[in-house]
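Remarks on the structure that follows.
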Amino acid sequence: MLLSMNWISDFVDLEGLDKLELIHRFSLSTAEVENDIYMKGSDISGIVVAEIKSVEPHPESKKLHLLKVDAGDGSLTDVVCGAPNVRVGMKTAFAKVGAKIGEITIAPRKLAGYTSNGMCCGESEIGISDDNSGIMEITDDIPCGTDIKTVYDLDDIIFEVDNKSLTNRPDLWGHYGIAREFAALAGREFKPLDTADLTVYDALPKVDMKIEDTLCRRYSSIKVENISRTVSPVNIRIRLYYCGMRAINFLADLTNYLMLEMGQPMHAFDARKVEQIRIRRFDKPFTFRTLDGVDRNVDENTLMICSGDTPVAIAGIMGGLDSEIVDDTTTLTLESANFDAASIRKSTVRLSHRTDASIRYEKSLDPEMTVPAIARFLYLLQKNDPGAKVVSSLTDEYAAPFPPVTLSFDQAFVDRYTGIRIDRDTIVKTLTGLGFGVTTQDDRFTVDVPSWRITKDVTMNADIIEEITRIYGYDNFEINTARSPLYPVRPTEEKTDEEKMKDLLVKRFSLHEVHSYVWQYADEQKAIGIPVKENIRLLNASNPNIETIRCSMIPTQLCQVKTNVGFASEFGIFEAGRVVKGLDENNLCIERKMLAVTLYSKTSSIKELYFRLRDIVSGLSADIKHLEPEFRAAQPTECYEHPVNYNKIFLGGIEIGYMGIVHPTVSKAIDKKAGIVFAEIDINKFASAQTAPIQYEEPSKYPSIEYDLSMDIPAGVLFGNLRECWKDAEGKLLRRVGVVDTYDTEEIHRITVRLEFGSNERTLSSAEVQEVVDTIISGLAEKGVSIKTA
Amino acid sequence: MDEKVLSLKERIDKELEEISSLSELDNMRVSYLGKKGSITALLKGMKDLAADQKKAFGADVNKLKEFASQRIEEKTEELRRRQVEAEIASMPVFDVSAPAENCTGSYHPITLVQRQCEAIFRSMGFTVEDYSEVVTDYECFEAVNIPKDHPARDMQDTYYLENGQLLKSQTTAAQNAILRKYGPALKENGVPIKAVFPGRCFRNEATDACHENTFFQMEGVMVDKNISISNLIYFMETMLSEVFQKEIKVRLRPGFFPFVEPGFELDISCLFCGGEGCPSCKHSGWLELCPCGMIHPNVLREGGIDPDEYTGFAFGLGLTRLAMMKYGIKDIRDLNSGNLRSLSQFTDDN
């Protein structure tokens, strides 16, 4: 919203104060001011009022005229002018030689053979409107030679407040409310509005009007006739233009002026078109043509203003074309009303049509404002069109006033909330300056909240704190740390495990962490042959490609692998992210935090790659949980999973995830020459596995005996299955089993383990060791393993 | 000197000359000084000599024995030295400048920034909480003073799911749960609530270099008996100075957020010019950084905490924005791209 410093100064005397500094304080205490501040009129000087005394056609140009103008110098000035609207006796804005307009300094200048000693200006040239159809026509009675800046408010400081920062301040949607803030910030008096006395019309008949719907809080109206003025005074037009609106006609301008001044939207109906005002909704949707000429579909939830049964305006949003003020309107029925804010907001959404009025109404305007707005309107109307005659009494139906709000708190409350001391007098002065009624008794304050703040914004004591502190200034706060007792802080197991996982994956396994979106990438997945898997969907996805939430991170990660083909011949990526695995019995999403790891290689064999991944899973388990994971062969369920070497991963007996090789079809779609393997681990399940405690074992003082067994393992038998053969001996004489070597050919799968025997009490005899070894060997033999001892 | 001794001595010298390996030398030692060696044999033969000869011969043989031991010892040293020298000479010169392979992985930049922030807050006694991404309407809105029909719901384009849940549009969605989790300890034992909760948030908006529908925030709350606006400014200034590793000034302006009252927009002194004014801060000297405020009484109440007894502050830091500022990332979409050409550059930075 654009604001005029001149307009604000109508209501508070800011003489002698640094206006830019005040605007800055306003930004820190009230609402955000945009960076650009416009010093209107500062680049214009030397423009005077002049009268055209003669007009001669230019002998060689059809467009140009040769004028003699009276610029108040005692003699006439020759001017060449190209404007079409020149005529004798017309007064205009004249830039004398030496005048400045922007970068240009006016000097005598030859135009088609004739010297022009100055320039007649259009309104757009001096920046007071966008009218560039001709030169400005001044109808006010002003002597020639008068500097127009002394009669018209060209000089102004215009600043813009971010509308979003006014969301919660319905009172700040007009200059009057803004001026109240400036008065409070500057510590100056806030002046009342000049208004017409409406009681003098009490004897006149009422406007026929009735609220028939609870969505209308208040409706105030008055009827005026004999309006003769059609064009607004220049100063009104300048203010409207500076504040971003275009002048239309006097009556329309005046309603806009009132809205920009008081924040109260008003509507002027042509009284010929509106009688029996009824405010209500309709049973069925219908089409309604608004004054911008657009046919709009209005539904049964939208509040309408009607003349009898005929809708004439969409309440709070826009008037209808048929009842609009036109140039020959002389009688008007004025609406100053208040509607339910939420209903206006929803209607604008349904109609996809926001207007200056609806933006204000949806903020919960103060319904107390409707009548003073009419009084102010009449004051301005009669001042500028003295013949205008009020022909009805003020007609006001106040269906739903807001209940008054009175708050009570003590000094200790303010002290506690602020953490500093703001004394009683400052509190009283601040609140009074903002229009609050304040009484004090000892340390207790009783505060009556003014009507313009109770509609949504100040309803409880914490709101008062904001009022006191923002005017006090946050820059003036003494800054203190909190005095709270200290307690140890314990991180959760999931969080700790997740961080450890990331560190290990990055630092030990040289993987790269990536992030991705929580939905399935329909297009990208399709490109590598992975269809979207049925899962819960977004209701309002902006495009169908991101509609379905993912239930595994692997498809996402495979898409990302494809992105990175060519990055390196070998790389691995991982992500700790979320998936949704369907809905639970309460229809709520089952959200899981997963760790997904994918390895890609063009140089390693698929077996090497697979075991690298296996070692990553084992490494995470061993490092974080001191546990060895168990792998159980399983049948894959997804199309991108290779049916061979798919394993479920268990940790401490808990199923925590799975690992496998990417199915050749998908793998080839990503990269014909590379192998890709994946694993996904449920982080919460991983964290839930009990970490094995460190059990320190004193190194034995007695020599240990080592025994190497080379085992040729037959096809179909897994090394993991052989462990039971030495499980009984472990923890007794057998202290450790370590793999020394693996040897694989097409026919042979050989693993050499070293058995380490020892005791803390004595030196073992080779006989008792041999006995254990023999037991192990015979166990192995039963599983078809042949032994080569060393 | 005895002739046998002499000739043996000459032979030893000659043989030593020819020996070039330690194993040959060992064989030689055995052939002279071993149990069956030549010198040992001489000593054994002494018993056949006359008594007057015995003494002189014995002395000669002992000298020879000493001589042989010493020479073999010297030769051993020499051979060992030569062996080491040969080993050294055989060592090729490596190209140490050859590119290192696969020596480190990388963290996502969000992880780095998030960890930095978490560490700062932990050091100030805050717990770090995790929270889900799919939440209920109650968690995201109702519980934090955004009732149905509240205009603030229009301000956010929330992703809704088929079952009525939604993707959280703000980390504030975790606030109620955290107040409820730590409220009992506050009320029963006076343990202040000090928590940060980083998390991923979602807004249904079109993406471009500056806008993402998926981004990270970190929310923080502190609740105790006398938490004040003054404390809020202190914590924000201290924490942000740590985050940016330089003295930061903060500035509060009134801001409207339903879950706080009073609510603020927090600006920091410009990181680039220090407040003098530059293009980055549009010559204002300040950068708008994050919303914060005193927790709204309705939010405390809904979290089971009596707002007449306790007060608290809350803030919401944009982790994604921090990461972009810190590392000069210009296109926000790079963060979720999975593209290692950009992401692999972020090695450990804590």
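Below, the figures for the structure above:
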quantity: Links that overshoot a 29 Å alpha carbon limit, given the list A:K210/A:K363; A:K495/A:K672; B:K249/B:K282; A:K581/B:K187; A:K100/A:K383; A:K164/A:K191; calculated: A:K495/A:K672; A:K581/B:K187; A:K100/A:K383
quantity: R0 of 41 Å, Cβ-Cβ distance A:E56-A:R289: FRET efficiency to nearest 0.05; calculated: 0.25
quantity: Between the stretch A:705-736 and the stretch A:305-364, the alpha-carbon center distance in angstrom; calculated: 88 Å
quantity: Potential lengthening between A:D155 and A:D328 on full extension [0.36 nm per residue; Cα-Cα distance subtracted]; calculated: 58.9 nm
quantity: Helix-derived mean residue ellipticity, 222 nm - over chain A, DSSP H n ≥ 4, -39500 (n - 2.57), to 500; calculated: -7000 deg cm²/dmol
quantity: Choice from B:E101, B:E302, B:E74 with maximal GNM fluctuation in chain B (Cα, 10 Å cutoff); calculated: B:E74
quantity: The stretch A:247-265 and the stretch A:191-243: distance between their alpha carbon centers, rounded to Å; calculated: 10 Å
quantity: At R0 = 60 Å, FRET efficiency that the Cβ-Cβ distance of A:N760 and B:E24 yields, to 0.05; calculated: 0.80
quantity: Within the protein assembly as shown: Cβ-based charge dipole about Cα centre, in debye rounded to nearest 20 (Lys, Arg +1; Asp, Glu -1); calculated: 1920 debye
quantity: Global geometry of the stretch B:237-341, whether rounded, prolate or oblate, following the gyration tensor of its Cα atoms and the 1.5 cut on a/c; calculated: oblate
quantity: Using a Förster distance of 25 Å, the FRET efficiency for B:A89-B:E15 (Cβ separation, nearest 0.05); calculated: 0.40
quantity: Per-residue average of Cβ from other chains inside 10 Å of B:235-241; calculated: 1
quantity: Residue of B:L266, B:L42, B:L335 that the Gaussian network model of chain B assigns the largest fluctuation, springs spanning Cα pairs under 10 Å; calculated: B:L42
quantity: Projected label distance in nm at B:R82 and A:T492, using a 7 Å step from Cα toward the beta-carbon; calculated: 7.3 nm
quantity: Estimated inter-spin distance, A:D73 and A:A203, nm [label 7 Å along Cα→Cβ]; calculated: 5.9 nm
quantity: Fully extended contour minus Cα-Cα distance, from B:D349 to B:D2, at 0.36 nm per residue; calculated: 116.7 nm
quantity: Distance (nanometres) between label positions extended 7 Å along Cα→Cβ at A:E698 and B:T238; calculated: 4.9 nm
quantity: 29 Å Cα-Cα reach of B:K55 towards lysines, excluding residues that sit fewer than 8 places from it in its own chain; calculated: B:K4, B:K9, B:K14, B:K35, B:K36, B:K44, B:K47, B:K63, B:K65
quantity: Cα gyration tensor category, rounded, prolate or oblate, for chain A with a/c compared to 1.5; calculated: prolate
quantity: Spatial separation of Cα centroids for the stretch B:109-164 and the stretch B:81-107, in angstrom; calculated: 53 Å
quantity: Overall form of the stretch A:392-493 per C-alpha gyration tensor (a/c, 1.5; a/b vs b/c); calculated: prolate
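Each value in this text was obtained by applying a stated rule to the coordinates, not by laboratory testing. As the structure is a computational prediction, the values presented were derived from the model and not from experiment. So basically every Cβ, Gly included, is an ideal-geometry build from the backbone, and we count neighbours across all protein chains shown.
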